[in-house]
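Undergrad: Have a look at this one.
The values are calculated or read from the model by the stated rules, or taken from the named source; none is laboratory data. What you are looking at is a predicted structure, and each value in this text was computed from that prediction instead of being measured. Cβ sites come from the backbone with ideal geometry, for glycine too, and all protein chains shown count toward neighbours. Side chains are part of the model used for accessible areas, which takes the heavy atoms of the whole protein and leaves out ligands, DNA and RNA. Shrake-Rupley method; radii C 1.70, N 1.55, O 1.52, S 1.80 Å.
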There are 2 protein chains.
Amino acid sequence: MSDERIPFVDCPIPIADTDQILLGHGSGGKLTARLIEEILLPAFRNPALEALDDQAILSVNGSRIAFTTDSYVVTPIFFPGGDIGELAVNGTVNDLAMGGARPLFLSLAFILEEGFPLSDLRRVVESTRAAAARAGVQIVTGDTKVVNRGKGDQVFINTSGLGIVAAGTKLSSLFVQPGDAVLLSGPIGDHGVAILSKREGLEFEGEVRSDTAPLHELAAAVLAAAPGTHAMRDPTRGGVAATVVEIASRRGLGIDLDERAVPVRDVVRGACEILGLDPLLVANEGKLVAFVPERESAAALEAMQNHPLGTEAARIGRVTSEHPGIVVARTPIGGKRILDLPFGESLPRIC
Amino acid sequence: MSDERIPFVDCPIPIADTDQILLGHGSGGKLTARLIEEILLPAFRNPALEALDDQAILSVNGSRIAFTTDSYVVTPIFFPGGDIGELAVNGTVNDLAMGGARPLFLSLAFILEEGFPLSDLRRVVESTRAAAARAGVQIVTGDTKVVNRGKGDQVFINTSGLGIVAAGTKLSSLFVQPGDAVLLSGPIGDHGVAILSKREGLEFEGEVRSDTAPLHELAAAVLAAAPGTHAMRDPTRGGVAATVVEIASRRGLGIDLDERAVPVRDVVRGACEILGLDPLLVANEGKLVAFVPERESAAALEAMQNHPLGTEAARIGRVTSEHPGIVVARTPIGGKRILDLPFGESLPRIC
């Protein structure tokens, strides 16, 4: 089955009934969660890992160091608005930033497929360099492996990142509380729709480009305006839905989401309708969701809106002690629905 | 071309004449060096990266942090003496240890191929867990991606590592000096021959098992006995030859190597003869090479020999100001040869 041809892969097999890795295990949806909870967490139990935030916060010689890793397997590797190299820098910078860290250093590891054009490698390296310069991080260590033709797919990149967390900053999904406002920094779905349209050769009225961007300055602006912020997440794989559903279910909190308040650009909304996608489930690479105590929420929202990457920021919901573990979305036509994650995969290899 | 069938790939094409990634670009030989020097270093120039050690040493809030990354693409994933999970922990622990760091934290990122058996994943995760426990490191952050069948190869693993370097410790190939003794912690070639024999279904008289092991305690013992040690390297891809040739050529130093002094187990020597391999070029995963000032060399060697992972350690050579940039090996029959790296690939996907 080729992902280039079949964007929607139904995955009705429960994990108990499969003995193989499915594409859905990489979706950021329920299969991913089960893989983590049934196989990975039991092996590596420790407090940093069990917080299941986008980064570990470590105490090293009295400093608080943020540490994170991500592999990037996006296809195609060049897409409207970016490429795999830019994504690999911004994605890891953002995972550091969501922990309130100042990103400092990245590692960069390539797995190249035999036959990959050197000209494409040069292009990816150049956009990696430019993205690192833009984010103000140094690439200080690296690795290059080559696999045989047909045993990889052009280029996979892993970046790991290090940053420093200021003494007063404490962010984690563990701190999210009933009453917190849920803020979103801008319109959603651009990255996923850009990838899918390139992959499928689709054209829409108005270009859709990936929103890939480094969020560390936006995050710092939010923290400066609202130092009591409880948690931040960048809603990548699985979209905003995965972010809020994961926090609700893991923390046993309810979240009320107002879909009418969620910014979605018209061209993206139109594309999602044609493609049968829920924008809430589509990946973003330059947006953040913040969980902020009510008293600081207006200041946080204003700080977002005053930043170039957050001009369309909106308050999209509220954490509640009602319906614990459940995200209830108020639909555009005024109804309510329970927001859940797909079992498996809607958009494979989106990042 | 399948690496399972053809272990020796001649690669006579100079990089200027190729516009594609070749298997040899991942060999640790000349093509890898050119890829790094012509494409990667020019993009990411900074002092930490340019030292081209196995790890970056970073100053963070006054602490000295070692940071390193490696992707593991070894095939087969299970081999005599270890598997890809154990290798991924030990390899990264060793890159930290070679910088004089105490390894503390690892990240763990999987790229899984659709269809990979969950039972194999559980087995890899268990050996990863056991190796981390043995090395005393915590796996604190991770990532899982899935690629379509035929776009990966069972499982690739990236681990990045963090460690602390004590205030007095300064190790780098930049510090290697004429007069330094070259010490090797034990017999070479076991890992490469173990992988190759498994891959090719070969059997030798006497089992050959990978020497994969965490070297941080051995390295600490060397540093305690010989605090003036200039540099340490673990001779993985490209073997001991790659380690000494790289340091000689980059630093413009000569190195005299006594091949008769290099420990090689009989079964490995025999296998190498049958396979047409030079043991000096074969990968190791549990050995270190130390460059130690003459006055501390006996103490360093004794410290190695007193450690369980270094009982067969030997002094194998000396750094000299003669024949700069060249490694001269005295052969077992008393002749001399210039030790050079293969252009491309002798053992693809060895780690």
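Undergrad: Can you compute the FRET efficiency between A:Ser59 and A:Leu174 using 1/(1 + (r/R0)^6), with r the Cβ-Cβ distance and R0 = 22 Å? Round to the nearest 0.05. Could you put the intermediate results ahead of the total?
TA: Values: r = 16 Å, r/R0 = 0.75.
About 0.85, to the nearest 0.05.
Undergrad: For a quick check of understanding: with a 1.4 angstrom probe and all protein chains in place, what accessible area in square angstrom does B:Asp256 have, to the nearest ten?
TA: 60 Å²
Undergrad: Please list, or write none, the lysines whose alpha carbon is within less than 21 Å of the alpha carbon of B:Lys30, excluding same-chain residues fewer than 8 places away.
TA: Within the straight-line cut-off, B:Lys30 pairs with A:Lys145.
Undergrad: Something else about it: Starting from the Cα of B:Arg250, step 7 Å toward the Cβ, then list every residue of the stretch B:154-192 with an amide N under 17 Å from that point.
TA: Residues passing the 17 Å test: B:170-178.
Undergrad: Could you go through the stretch B:249-256 in sequence order and give the Karplus-derived ³J(HN,Hα) for each residue, using 6.51 cos²θ - 1.76 cosθ + 1.60 with θ = phi - 60°, rounded to whole Hz, and x for Gly and Pro?
TA: With the stated coefficients, the stretch B:249-256 comes to 6, 5, 8, x, 10, x, 9, 9 Hz.
Undergrad: Another question, if that's okay. Please list 3J(HN,Hα) in residue order for the stretch A:230-244, calculated via the Karplus relation 6.51 cos²θ - 1.76 cosθ + 1.60 where θ = phi - 60°; whole Hz, with x for glycine and proline.
TA: 8, 7, 9, 9, 9, x, 8, 3, x, x, 4, 4, 4, 4, 6
Undergrad: If you don't mind, another one. Please identify, among B:Pro227, B:Pro324, B:Pro117, the residue showing maximal mean-square fluctuation in a Gaussian network model of chain B using a 10 angstrom Cα cutoff.
TA: B:Pro117
Undergrad: Using only protein heavy atoms and a 1.4 Å probe, report how much of A:Ile84 is accessible, in Å² to the nearest 10.
TA: The accessible area of A:Ile84 comes to roughly 0 Å².
Undergrad: Between the chain alone and the structure with every protein chain in place, find the residues of the stretch A:91-119 that drop at least 50 Å² of accessible area; heavy atoms, 1.4 Å probe.
TA: Residues of the stretch A:91-119 that lose at least 50 Å² of accessible area once the other chains are added: A:Phe105, A:Ile111, A:Glu114, A:Leu118.
Undergrad: Quick one: putting +1 on the C-beta of Lys and Arg, -1 on the C-beta of Asp and Glu, what dipole do you get for chain A around its Cα centre, in Debye to the nearest 20? The partial results should precede the final answer.
TA: Values: 32 positive and 44 negative charges, 133 e Å.
Approximately 640 debye in magnitude.
Undergrad: Here's a follow-up. Can you compute 3J(HN,Hα) from phi for each residue in the stretch A:272-280, using the Karplus curve 6.51 cos²θ - 1.76 cosθ + 1.60 with θ = phi - 60°, rounded to whole Hz and x for Gly and Pro?
TA: Couplings: 4, 5, 4, 8, x, 9, 8, x, 5 Hz.
Undergrad: OK, next. How much length is gained if the chain between A:Asp19 and A:Ile274 is pulled fully straight, taking 0.36 nm per residue apart and subtracting their Cα-Cα distance, in nm to one decimal?
TA: Values: separation 255, 0.36 × 255 = 91.80 nm, distance 3.43 nm.
Gain in length upon complete extension: 88.4 nm.
Undergrad: Taking amide hydrogens as modeled 1.01 Å from N in the peptide plane, which residues meet the under 5 Å criterion relative to A:Tyr72, leaving out close sequence neighbours?
TA: Those lying under 5 Å, H to H, from A:Tyr72 are A:Ile157, A:Asn158, A:Thr159.
Undergrad: If you don't mind, there's one more thing I want to ask. 5 Å is the cut-off here: which amide hydrogens, built 1.01 Å from N in the peptide plane, fall below it relative to A:Gly142, excluding neighbours closer than 5 in sequence?
TA: A:Leu108, B:Thr69
Undergrad: Starting from the Cα of A:Ala167, step 7 Å toward the Cβ, then list every residue of the stretch A:204-247 with an amide N under 16 Å from that point.
TA: none
Undergrad: Between A:Gln305 and A:Ser119, what FRET efficiency comes out of the Förster formula 1/(1 + (r/R0)^6) with R0 = 51 Å and r the beta carbon distance, rounded to 0.05? Please report the intermediate quantities before stating the final value.
TA: Numbers: r = 41 Å, r/R0 = 0.81.
With a Förster radius of 51 Å, E is 0.80.
Undergrad: Within the stretch B:109-177, list the chymotrypsin sites (Phe, Trp or Tyr not before Pro) lying in a DSSP loop whose Cβ has at most 13 other Cβ atoms in a 10 Å radius.
TA: On the way: sites: B:Phe110, B:Phe156, B:Phe175; in loops: none.
Of the chymotrypsin sites (Phe, Trp or Tyr not before Pro), not one in the loops of the stretch B:109-177 has a Cβ with at most 13 other Cβ atoms within 10 Å.
Undergrad: Separation of the stretch A:310-351 and the stretch B:225-298 by C-alpha centroid, Å?
TA: That distance is 57 Å.
Undergrad: Follow-up. With the label 7 angstrom out along Cα to Cβ, how close does A:Gln305 come to the same site in each of the other copies, in nm, nearest first?
TA: 7.7
Undergrad: What is the Cα centroid distance between the stretch B:150-169 and the stretch B:47-68, reported in whole angstrom?
TA: If we compute the Cα centre of each part, the gap is 14 Å.
Undergrad: Calculate the spin-label point distance for B:Arg149 paired with A:Glu37, positioning each point 7 Å from the Cα along the beta-carbon direction, and give it in nanometres.
TA: A separation of 2.9 nm, rounded to one decimal place.
Undergrad: Before rounding to the nearest 500, sum -39500 (n - 2.57) across all DSSP H runs of length at least 4 in chain B and divide by the residue total; then give [θ] at 222 nm in deg cm²/dmol. Write down the numbers at each step before the final one.
TA: On the way: 9 runs with 98 residues, N = 351.
Helix-only estimate at 222 nm: -8500 deg cm²/dmol.
Undergrad: Another question, then. Rounded if a/c is under 1.5, else prolate if a/b beats b/c, else oblate: with a ≥ b ≥ c from the C-alpha gyration tensor eigenvalues square-rooted, which is chain B?
TA: Values: a/c = 1.35, a/b = 1.15, b/c = 1.17.
Because its axes are fairly even, with a/c under 1.5, chain B counts as rounded.
Undergrad: What relative contact order, as a whole-number percentage, does chain A give when Cα pairs under 8 Å and 6 or more residues apart are counted?
TA: Relative contact order, chain A: 25 percent.
Undergrad: List the relative contact order of the stretch A:193-351 as a percent without decimals, with contacts defined as Cα pairs under 8 Å and 6+ residues apart.
TA: Details: 251 pairs, mean separation 55.8, N = 159.
Relative contact order here is 35 percent.
Undergrad: Can you bin the stretch B:7-142 into rounded, prolate or oblate? Criterion: square roots of the alpha carbon gyration tensor eigenvalues sorted a ≥ b ≥ c, rounded for a/c under 1.5, prolate for a/b above b/c, oblate for the rest.
TA: Details: a/c = 2.27, a/b = 1.13, b/c = 2.01.
Note, shape of the stretch B:7-142 comes out oblate.
Undergrad: If amide hydrogens are placed 1.01 Å from N in the peptide plane, which non-local residues have theirs closer than 5 Å to the one on A:Leu58?
TA: It is A:Ile65, A:Ala66, A:Phe67, by chain and number.
Undergrad: Evaluate the Kirkwood expression for the hydrodynamic radius of the stretch A:146-239, namely the inverse of the mean inverse distance over all pairs of different C-alpha atoms, and round to one decimal in Å.
TA: Values: mean 1/r = 0.0586 Å⁻¹.
About 17.1 Å for the stretch A:146-239.
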